[in-house]
Amino acid sequence: MANTTCPSASIPAIESLPVPQNINLMIIPGTDTAARPMVPCCAPNPVQLVNDCWLWCEIPASYFNGTDKEGARQASSACLETNGRNLTGSRITAWQFNAAGRVGTGSVREIGLWVLAVSGLVYML
């Protein structure tokens with residue numbers, strides 16, 4: 001059952017919520033995990049409910065293609081607005097960007113360089 005005392009326009013500090021702290025995520029007020037706008041904007045990641053007041057999901061990797069966290073924030077905001085979320089209020093959407101290894105394509109390049117370096121080292125031995 002949903003908590004009827006949920007604040008309508010203020011999301012608490014993400015660090016205070018029982019959500020993963022090591023991923024990139026977005027949160028909006030809400031209680032229906034099957035409702036727009038979160039479902040299409042979070043796909044393929046599931047929408048989850050926290051503290052009976054807030055909908056959250058891991059930000060899809062596609063929002064980071066060729067951009068940084070600010071670009072991902074803008075892309076996810078645009079998706080939420082396109083799918084019916086009014087973003088004119090204060091603190092009605094929150095983002096957390098903590099997964100450096102999950103953003104952009106730089107991490108893939110770094111892993112590739114690391115593998116190349118290790119293979120060169122093994123070849124030299």
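Some values worked out for this structure:
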read-out: Residues that are open to solvent by 20 Å² or more (accessible area, probe 1.4 Å) and under 23 Å from L17 (Cα atoms), drawn from the stretch 57-73; value: E58, A61, K69, E70, R73
read-out: Subset of the stretch 18-56 [under 13 Å from R85 (Cα atoms) and open to solvent by 70 Å² or more (accessible area, probe 1.4 Å)]; value: R36
read-out: Filter result for A34 (aliphatic (A, V, I, L, M) and either at pLDDT 90 or above or within 23 Å of T5 (Cβ to Cβ) (or both)); value: yes
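The values are calculated or read from the model by the stated rules, or taken from the named source; none is laboratory data. From a predicted model like this one, the values you see are computed outputs, not experimental measurements. Don't worry about glycine lacking a Cβ; one is built from the backbone with ideal geometry, like all the others, and counts go over all protein chains shown. The area values use the complete protein model at the heavy-atom level, side chains included, leaving out ligands, DNA and RNA. Shrake-Rupley method; radii C 1.70, N 1.55, O 1.52, S 1.80 Å.
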